[in-house]
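Taken together, the values in this text are just the output of simple stated rules run on the coordinates, not laboratory data. Just so we're clear, the structure is a prediction, and the values are computed from it rather than from any experiment. Positions of Cβ are generated from backbone atoms using ideal geometry, with glycine treated the same way; all protein chains shown enter the neighbour counts.
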Amino acid sequence: MNIKVEELTAKVLNDHPNMDRYKLALAVAKRSDELLDGATSKLNIDPNSIKSADLALMELAEGLIVVKGFSDKEE
C-alpha cells in the first residue's frame with residue numbers, strides 16, 4: 001500500500017480550515033493511541049499491516065472520525 005502522507009495531510013487541512021498541522025498531529029496521535037489500545041478501525045484495512053499513525057491519518061482524511069474540541073466554525 002502506497003500512502004502519500006503529504007497528500008492526506010493536505011486533504012485534512014483543506015477540509016478543516018481551522019485545523020493547523022499542530023492540531024492535526026495531536027489528533028493523529030490521539031487516534032493512533034486509541035487504535036493501539038484496541039479500537040476498531042473505521043477503514044477496511046488490517047491494522048497489523050499499517051502503522052497506527054498512518055491509519056489514523058487515513059481515517060481523518062476520509063472524514064470517518066470527528067476530533068472533539070476542534071471546530072470548523074468561526075466564533
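A few comments on the model shown:
- Over the chain, dividing the summed -39,500 (n - 2.57) contributions of all DSSP H runs of at least 4 residues by the number of residues returns a 222 nm mean residue ellipticity of -15500 deg cm²/dmol.
- Available extension along the chain between ALA39 and ILE65 is 8.1 nm, counting 0.36 nm per residue and deducting the alpha carbon span.
- Debye equation applied to the C-alpha atoms of the chain, log10 I(q)/I(0) at 0.14, 0.17, 0.23 Å⁻¹: -0.41, -0.60, -1.07
- Pairs of Lys residues in the chain, spaced 8 or more positions apart or belonging to different chains, with C-alpha separations under 16 angstrom: 8 in total.
- Residues of the range 25-53 with an amide N closer than 19 Å to a point placed 7 Å from the Cα of VAL5 along the Cα-to-Cβ direction: 25-36, 47-53.
- When each of the peptides 17-28, 36-47 is scored by how many other beta carbons lie within 10 Å of its residues on average, the order from highest to lowest is 17-28, 36-47.
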